[in-house]
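Okay, so here's the structure we're looking at.
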Amino acid sequence: MELLQTIFFTLVALGVLVTFHEFGHFWVARRCGIKVLRFSVGFGTPLFRWRDKLGTEFVVALLPLGGYVRMVDEREGNVSEEDLPYAFTRKSVWQRMAVVVAGPLANFLLAVLLYWIVYAMGVTGIAPVIGSLIPDSVAEQAGLEAGQEIVAIDGEPTPTWQALNEQLVRRIGETGPITFTVKQLQDTLQYEYTGELHDWLNDAAEQNPVAGLGIVLYSPEILPVAEEVVPGDPADRAGLLPGDQILTANGEAMADWSAWVNYVRARPGQTIELLVKRDDQHVETSVTPKTAIAEDGAEIGQVGMGVRIPKWPEEMIRQSNYNLFDALGQGVSQTWNTSLLILDSVKKMLMGLISAKHLSGPITIAKVAGASAQYGLTAYLGFLAFLSVSLGVLNLLPIPVLDGGHLMYYIIEALKGRPVSEKIQIVGFRIGMFLVIGLMLLALYNDLSRL
């Protein structure tokens, strides 16, 4: 079921992003008087197709891994005399530039819209309070202590876990001082500490900037208490009830929910003797986990219990509410800052400050899509917005075969007064295809290596 949800939300994400991107090209092409032959979302065998009154064929195809807008273009074959005035190649260089830019621009506008909705709905976050520190880490050497709230990094406010991560991501691959501004939770007096980064997380396979500093953020203890019991599953047949706390399993103490889950997963089909706390009484029972198949194909045990999520301390909850106008401003600002962050990451990767291991492909995107959907609508919309910004920025990179590569050719044409030679464009296309395919394969390899 979880796999189906992941696939569904991934397909929705790709469908929305591709549709907006291609619609940008389509809409501007129509406004420039270019005849559009086909608007396709996906590749391969068409699943649905229809035509509008101007003769454009709209297609939803089998493989939702991209899309395209096919226009009348002399470079793709003979064009009839009556269609020549509507050919892409017959339009001014400025109109062609507008058509090329329209796709990425549509992604930026979509991101602004999505962030606008997120901020208008209100943003709730958790204050980044230090739970513990790893010995000899950057944070401990800087003098930070458990119980302190990190209110800023390098002078930039970090009111929530997400804000803290966003600020730290900007420092990945860097060497130099990092400044922490901290305070006690219910205090206003602030203190500054300085740590030292040395090629920070340069070669890390996975980016976890908070852990990379040696910080474990505070979170309330999740006890092995059932919030729900699935009817008909092993826990229900064993007589377990919502509110029950697992004290021991086969005599082994269950300190938290993670310990209980790991114990059950390791014992499919094996009877487990339980000591359970129910209200103020202790109850003994036994449960036999059913066998399920994990994502890696291994057999695991499941009993059909849902965890009771503990409440966060009120003083750690950060709630931000915006009116529609302020939410729009926040959406524009978030889109801009995210674009700069992605560009900075690309620059660092080209300079060798960030390892190519950080590249992620379709498997990682699918996992994040599924996980964000489980966290709720705002998390999923935020993920869509980030992905839309990424698509917009990467498509504007000056690599032939991407929109940015075509834009580069048209800028040169505008400056020189004549098009880039067809021979050079063909060479550029081959180089661009080699780079894009190579990066896709590397990203896929990174995905598979993380499984």
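Nearest 20 debye, what's the magnitude of the dipole of segment 51-105 about its Cα centre given +1 on Lys and Arg Cβ and -1 on Asp and Glu Cβ? Mind dumping the intermediate values first?
Numbers: 7 positive and 8 negative charges, 47 e Å.
Dipole of segment 51-105, to the nearest 20 debye: 220 debye.
Identify, among L201, T6, W257, the residue whose Cα sits farthest towards the positive end of the charge dipole of the chain, taking +1 on the Cβ of Lys and Arg and -1 on the Cβ of Asp and Glu, with the dipole about the Cα centre.
In the chain, that residue is T6.
Would you mind calculating the gained length between I342 and T188 on full extension (0.36 nm times residue separation, minus the Cα-Cα distance), in nm to one decimal?
On the way: separation 154, 0.36 × 154 = 55.44 nm, distance 3.41 nm.
Between I342 and T188, full extension yields 52.0 nm more.
Can you tell me how segment 7-62 classifies by the Cα gyration tensor, rounded, prolate or oblate, using a/c under 1.5 as the rounded cut?
Numbers: a/c = 3.14, a/b = 1.55, b/c = 2.03.
Oblate is the answer for segment 7-62, as a/c is 1.5 or above yet b/c matches or exceeds a/b.
Could you tell me what a quarter of the Cα convex hull surface of segment 104-259 works out to, in nm² with one decimal place?
Details: hull surface 60.2 nm².
That works out to 15.0 nm².
Positive end of the charge dipole of the chain (Lys, Arg +1 and Asp, Glu -1 on Cβ, about the Cα centre): tell me which of G232, G33, G438 has its Cα farthest that way.
The listed residue farthest towards the positive side: G33.
What number, rounded to the nearest 500 deg cm²/dmol, is the helix-based mean residue ellipticity at 222 nm of the chain, given -39500 (n - 2.57) per DSSP H run of at least four residues and division by all its residues? Please report the intermediate quantities before stating the final value.
Details: 12 runs with 191 residues, N = 451.
Rounded to the nearest 500, the figure is -14000 deg cm²/dmol.
Which loop GluC sites (Glu not before Pro) in segment 246-349, with loop taken from DSSP, have no more than 14 other Cβ atoms within 10 angstrom of their Cβ?
Numbers: sites: E252, E273, E284, E295, E299, E314, E315; in loops: E295.
Here the GluC sites (Glu not before Pro) that fit, given the DSSP loop and packing criteria, are E295.
Measuring from label point to label point, each 7 Å out along Cα→Cβ, what is the E273 to R38 span in nm?
6.9
Per the Debye formula with a single identical scatterer at each Cα and no solvent contribution, what log10 I(q)/I(0) holds for segment 377-451 at q = 0.12, 0.13, 0.24 Å⁻¹?
-0.49, -0.56, -1.07
Working with all protein chains in place, sort S258, S339, S320 by solvent-accessible area computed with a 1.4 Å probe, largest first. It would help to have the intermediate numbers written out before the result.
On the way: S258 65, S339 15, S320 45 Å².
Putting S258, S339, S320 in descending order of accessible area: S258, S320, S339.
Set the Förster radius R0 to 30 Å, insert the Cβ-Cβ distance between R49 and A211 as r into 1/(1 + (r/R0)^6), and round the FRET efficiency to 0.05. Mind showing how you got there, number by number?
Values: r = 49 Å, r/R0 = 1.64.
Efficiency at R0 = 30 Å is approximately 0.05.
Dipole of segment 218-284, Cα-centred, from +1 at each Lys and Arg C-beta and -1 at each Asp and Glu C-beta, to the nearest 20 debye?
Working: 5 positive and 12 negative charges, 51 e Å.
The dipole of segment 218-284 has a size of about 240 debye.
Given axes a ≥ b ≥ c from the Cα gyration tensor, I'd like to know whether segment 312-451 is rounded (a/c under 1.5), prolate (a/b larger than b/c) or oblate. Present the calculation step by step, with values, prior to reporting the outcome.
On the way: a/c = 2.79, a/b = 1.61, b/c = 1.73.
Verdict is oblate for segment 312-451.
Between L415 and L247, 0.36 nm times their residue separation minus their Cα-Cα distance comes to what? Before the final figure, lay out each step's value.
On the way: separation 168, 0.36 × 168 = 60.48 nm, distance 7.51 nm.
The L415-L247 span can extend by a further 53.0 nm.
Report Rg (one decimal) and Dmax (nearest whole number) for the chain, counting Cα atoms only, units Å.
26.9, 89
What trypsin sites (Lys or Arg not before Pro) in segment 301-404 are in a loop by DSSP, with at most 12 other Cβ atoms within 10 Å of the Cβ?
On the way: sites: R308, K311, R318, K347, K348, K357, K367; in loops: R308, K311.
Sparse-neighbourhood loop trypsin sites (Lys or Arg not before Pro): K311.
Leaving out ligands, DNA and RNA but keeping every protein chain, what accessible area does S219 have, in Å² rounded to the nearest 10, with a 1.4 Å probe?
In the full protein context, S219 sits at about 60 Å².
Using the membrane-span-like helix rule (whole DSSP H runs, Cα extent along the own axis of at least 24 Å, mean Kyte-Doolittle hydropathy at least -1.0), which helices of the chain qualify? It would help to have the intermediate numbers written out before the result.
Details: long enough: 2-31 (43 Å, 0.94); 93-121 (42 Å, 1.60); 324-350 (39 Å, 0.42); 377-395 (27 Å, 1.71); 422-449 (40 Å, 1.24).
Helix filter hits for the chain: 2-31, 93-121, 324-350, 377-395, 422-449.
Report in % the part of the accessible area of segment 168-225 that belongs to carbon and sulfur, leaving out ligands and nucleic acids; probe 1.4 Å. Please list the in-between numbers first.
Working: 1480 of 3020 Å².
Accessible surface attributable to carbon and sulfur in segment 168-225 totals 49 percent.
Given H placed 1.01 Å from N in the peptide plane, which residues other than close sequence neighbours of F58 have an amide H under 5 Å from its amide H?
F39, W50, R51, D52
So what is the accessible area of the chain per residue, in Å², with the probe set to 1.4 Å? Walk me through the numbers before you get to the answer.
Working: 24900 Å² over 451 residues.
Dividing the accessible area of the chain by its residue count gives 55 Å².
As an exercise, use a Förster radius of 25 Å and the Cβ-Cβ distance of T364 and F434 to find the FRET efficiency, rounded to the nearest 0.05. Each step should come with its number before you reach the end.
On the way: r = 23 Å, r/R0 = 0.92.
After rounding to 0.05, the efficiency reads 0.60.
What is the set of long-range amide H partners of L247 at a cut-off below 5 Å, with H atoms built 1.01 Å from backbone N?
Result for L247 returns L275, V276, K277.
Points 7 angstrom from Cα along the Cβ direction at L350 and R30: gap in nanometres?
Each label point is offset 7 Å from its Cα along the Cβ direction, giving 3.6 nm.
Between S449 and E156, what is the label-point separation in nm under the 7 Å Cα-to-beta-carbon projection?
2.7
Using +1 on the beta carbon of Lys and Arg, -1 on that of Asp and Glu, and nothing else charged, what's the dipole of segment 65-146 about the Cα centre, debye to 20? If you can, show how the numbers build up before the last one.
Values: 5 positive and 9 negative charges, 60 e Å.
Charge dipole of segment 65-146: 280 debye, to the nearest 20.
Gap in Å between the Cα centre of segment 1-63 and the Cα centre of segment 374-430?
18
Among G376, S390, P177, which residue has its Cα positioned farthest towards the positive end of the charge dipole of the chain, with +1 placed on the Cβ of Lys and Arg, -1 on the Cβ of Asp and Glu, and the dipole taken about the Cα centre?
S390
First compute the accessible area of segment 293-451 with a 1.4 Å probe, then give the percent of it belonging to carbon and sulfur atoms.
Details: 6360 of 9440 Å².
Of all accessible area on segment 293-451, carbon and sulfur atoms account for 67 percent.
Considering amide H positions built from the backbone, and no H for Pro or chain starts, which residues 5 or more places from L223, or on another chain, come under 5 Å of its amide H?
Distant-sequence amide H within range of L223: W257.
The values are calculated or read from the model by the stated rules, or taken from the named source; none is laboratory data. On a predicted model such as this, the values are computed, not experimentally measured, just so you know. Neighbour counts are summed over all protein chains in view; Cβ atoms, including those assigned to glycine, are modelled from backbone coordinates with ideal geometry. These accessible areas exclude ligands, DNA and RNA; they are computed on the full protein's heavy atoms, side chains included. Shrake-Rupley method; radii C 1.70, N 1.55, O 1.52, S 1.80 Å.
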